[in-house]
Amino acid sequence: MEVKADASVESLKHRAQSALVVPGRGRLLNSSGEALDGAQTITEARLMSGDVLTLHVNQVQLKATRRGALFSAFAALLGDGSVVTWGKAEAGGDNSAVQDQLRDVQQIQASAAFAAVLGDGSVITWGRADFGGDSSAVQDQLRDVQQIQASYSAFAAILGDGSVVTWGWPDFGGDSSAVQDQLRDVQQIQASDGAFAAILGDGSVLTWGSAAHGGDSGAVQDQLRDVQIQASRRAFAAILGDGSVVTWGNADYGGDSSAVQDQLRDVQQIQASVPASAAILSDGSVVTWGRADTGGASSAVQHQLREVQQIQASYGAFAAILGDGSVITWGFDYGGCSSAVQDQLRDVQQIQASGGAFAAILGDGSVVTWGRADDGGDSGAVQDQLREVQQIEASGGAFAAILGDGSVITWGGADFGGDSSAVQDQLRDVQQIQASVGFDVFATMVAVASSCGLLPLISVLALLALIPGVKPGERVSDIEQGDGEPAVATAAYENGRGYDPLMRHDGLAVEAMDGQ
């Protein structure tokens with residue numbers, strides 16, 4: 001391809017895209033694999049006759065992390081390495097302060113803030129500052145970053161030399177000083193809502209963060225060798241080399257698997273709802289444990305759970321894809337009842353879950369949704385647009401689907417990123433989407449009749465204001481009655497600041513009062 005020396009690299013890239021009939025946007029790489037700056041001329045980029053260049057167009061991907069918030073935001077990574085955000089500004093939906101720095105982005109990760117890894121191994125963050133959106137305290141250490149993982153309010157980055165840098169909320173894993181000298185040759189990191197677990201090169205495991213979230217693995221440390229780790233919100237589960245499982249963390253959230261320990265043999269995969277876990281065994285059967293009414297008890301569907309290929313979990317329900325492409329659900333009514341769409345759930349390829357709903361991609365690229373309408377369980381408004389869907393990801397209460405042409409369709413709660421109209425024209429050639437979280441919600445369950453029988457129904461409280469006059473250590477209850485659904489909230493205060501390892505909104509902590 002001939003080009004003038006004073007032509008821009010950007011114009012050369014456009015010519016390459018046209019010649020190669022490549023839709024969307026990509027990145028032009030030099031012979032060393034480095035991304036070229038489109039604003040430079042051919043001369044400034046030091047390109048010579050005979051140089052071999054590569055037009056790199058990323059494969060379309062969609063990715064999201066934590067769910068369950070009062071508001072969320074999405075960040076879409078486009079094919080040219082730039083980023084588009086939407087949703088609540090407080091959760092990272094506004095990246096204008098760093099937009100000009102978001103170039104050649106390779107990976108995005110999210111807590112209640114976003115962290116983007118650039119092509120040179122550096123990191124750009126935005127969103128809620130104390131939850132990791134401000135990385136200035138460690139910015140000079142964030143070099144040659146290979147991978148980033150996020151808890152609810154902190155980040156952990158693995159560097160090229162196997163060391164780890166953390167930042168964000170100290171109690172939720174942002175402070176790793178207690179184990180810093182041991183964080184060497186780190187291969188992989190997993191995160192619960194408030195703790196991290198790192199697998200080292202020798203197969204051992206190191207944990208830090210909130211003990212109530214699995215940050216203290218001392219009781220099982222000698223068993224943690226050559227493992228795969230799966231995190232729930234407040235616990236971890238490790239699959240050992242022989243297929244057995246070791247759990248630790250909050251017992252009510254999957255951290256205690258003793259009741260089914262003898263059944264956990266030859267485990268292939270583990271998935272977790274908020275307070276329950278489900279393991280797929282090599283024969284395609286499923287073992288569950290944890291809170292019974294949120295999926296920990298699967299006895300009602302156990303005889304149907306055969307040849308299970310994949311399991312996905314909402315806040316308190318599970319959906320399993322069987323070998324024949326059908327779907328079995330259990331748990332409470334946050335997607336645990338799929339009877340209304342059961343006859344449509346055929347040839348299912350993939351399932352994704354928000355906090356209270358599920359979305360399934362069928363073999364023909366169409367989508368079936370069920371669960372709470374406000375959380376994306378009702379996709380009627382966009383159903384005719386959901387064609388040739390390649391991948392779906394979710395925030396706490398919304399879904400985003402990437403279509404075959406790289407465009408994006410969203411639905412669900414607007415405060416969760418379900419409305420992308422403000423940036424719709426920018427959402428082209430999307431290759432990855434990441435969802436942040438805002439502030440967690442609390443739900444009290446009561447038994448109600450439904451089409452799936454007697455099931456617990458969640459009543460989600462609105463964001464609570466700080467309650468004046470409450471002293472440290474005191475607890476107050478606010479009981480609301482609406483539509484026949486009682487809701488109970490408890491604000492807990494510790495040392496003058498609201499704190500609960502599960503859920504928090506600044507000075508306010510919200511926790512469950514089961515059975516009250």
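Need the failing condition index for V84 against (1) of a type outside the set (S, T, N, Q); (2) surrounded by 15 or more Cβ atoms within 10 Å (Cβ to Cβ); (3) within 15 Å of G406 (Cβ to Cβ); (4) at pLDDT below 85, just the number.
It is condition (4) that V84 fails.
Just a yes or no: is a residue in region 370-379 in a strand (DSSP E or B) and in contact with a strand residue (DSSP E or B) (Cβ under 9 Å, 6 or more places away or on another chain)? Steps first, answer last, please.
Filtering region 370-379 for residues in a strand (DSSP E or B) gives 370-371.
This time we only want the ones that are in contact with a strand residue (DSSP E or B) (Cβ under 9 Å, 6 or more places away or on another chain), so: 370-371.
There is at least one residue in region 370-379 that is in a strand (DSSP E or B) and in contact with a strand residue (DSSP E or B) (Cβ under 9 Å, 6 or more places away or on another chain).
I'm trying to understand the selection: among the residues of region 241-269, which are of a type in the set (G, A, S) and within 20 Å of D222 (Cβ to Cβ)?
G241, G243, S244, G249, A251, G255, S257, S258
Are there any pairs with C-beta distances below 6 angstrom linking a residue in region 359-385 that is closer than 19 Å to W330 by Cα to a residue that is assigned to a helix (DSSP H, G or I) and not hydrophobic (A, V, I, L, M, F, W, C), with the two at least 6 apart or on different chains, and if so which?
V368/Q344
Just checking, how many residues over region 156-186 are under 16 Å from T207 (Cβ atoms) and among the aromatic types (F, W, Y)?
1
Give just the number: which of (1) out of contact with any Asp or Glu (no Cβ under 8 Å at 6 or more places or on another chain); (2) outside any helix (DSSP H, G or I); (3) open to solvent by 10 Å² or more (accessible area, probe 1.4 Å) does A422 not satisfy?
(2)
So, of the residues in region 211-236 that are polar (S, T, N, Q) and in contact (Cβ under 8 Å) with a residue 12 or more places away in the chain, which turns out to be surrounded by the most Cβ atoms within 10 Å (Cβ to Cβ)? Walk me through how you get there before you give the answer.
Looking only at region 211-236, we keep the residues that are polar (S, T, N, Q), and these are 217, 221, 223, 228, 230, 232.
After this cut, where a residue has to be in contact (Cβ under 8 Å) with a residue 12 or more places away in the chain as well, the list is 217, 221, 223, 230, 232.
On the way: S217: 21, Q221: 15, Q223: 14, Q230: 23, S232: 27.
Restricting to residues being polar (S, T, N, Q) and in contact (Cβ under 8 Å) with a residue 12 or more places away in the chain, the top hit is S232.
How many residues does region 274-296 contain that are closer than 20 Å to S244 by Cα and either modelled with pLDDT under 90 or assigned to a helix (DSSP H, G or I) (or both)? Spell out the reasoning first.
Residues of region 274-296 closer than 20 Å to S244 by Cα: 276-290, 296.
Pick out the ones that are also either modelled with pLDDT under 90 or assigned to a helix (DSSP H, G or I) (or both) and you get 276, 290, 296.
Of the residues in region 274-296, 3 are closer than 20 Å to S244 by Cα and either modelled with pLDDT under 90 or assigned to a helix (DSSP H, G or I) (or both).
Taking region 181-210 on its own, how many of its residues are touching a strand residue (DSSP E or B) at 6+ places or on another chain (Cβ under 8 Å), outside any strand (DSSP E or B) and open to solvent by 50 Å² or more (accessible area, probe 1.4 Å)?
Step one: filter region 181-210 for residues touching a strand residue (DSSP E or B) at 6+ places or on another chain (Cβ under 8 Å), giving 182-192, 194-201, 203-210.
Filter once more, keeping what is outside any strand (DSSP E or B): 182-185, 192, 194, 201, 203, 210.
Now narrow it down to the ones that are open to solvent by 50 Å² or more (accessible area, probe 1.4 Å): 182, 184-185.
The total comes to 3.
Yes/no matrix, rows are residues, columns are (1) at pLDDT 85 or above; (2) under 25 Å from A156 (Cα atoms):
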| site | (1), (2) |
| --- | --- |
| L53 | no, no |
| H56 | no, no |
| T65 | no, yes |
| F74 | yes, yes |
| Q101 | yes, yes |
| Q109 | yes, yes |
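Of everything in region 160-180, what is out of contact with any Leu (no Cβ under 7 Å at 6 or more places or on another chain), of a type outside the set (G, A, S) and open to solvent by less than 20 Å² (accessible area, probe 1.4 Å)? Give them in sequence order. Outline the logic, then answer.
To start, the set of residues in region 160-180 that are out of contact with any Leu (no Cβ under 7 Å at 6 or more places or on another chain) comprises 160-162, 166-175, 177-178, 180.
Filter once more, keeping what is of a type outside the set (G, A, S): 161, 166-167, 169-172, 175, 180.
Residues satisfying the conditions are T166, W167, F172.
What are the residues in region 342-359 that are more than 20 Å from F74 (Cα to Cα) and surrounded by 18 or more Cβ atoms within 10 Å (Cβ to Cβ), if any? Talk me through it step by step, then tell me what you get.
Filtering region 342-359 down to residues more than 20 Å from F74 (Cα to Cα) leaves 342-350.
Matches in region 342-359: L345, V348.
Among the residues of region 94-111, how many are open to solvent by less than 10 Å² (accessible area, probe 1.4 Å) and not polar (S, T, N, Q)?
Qualifying residue count, region 94-111: 4.
The values are calculated or read from the model by the stated rules, or taken from the named source; none is laboratory data. The shown structure was predicted, so the numbers you read here are calculated from the model rather than taken from an experiment. Please note: Cβ atoms are built from the backbone with ideal geometry, for glycine as well, and neighbour counts cover all protein chains shown. What goes into the accessible areas is simple: the full protein's heavy atoms, side chains included, and nothing from ligands, DNA or RNA. Shrake-Rupley method; radii C 1.70, N 1.55, O 1.52, S 1.80 Å.
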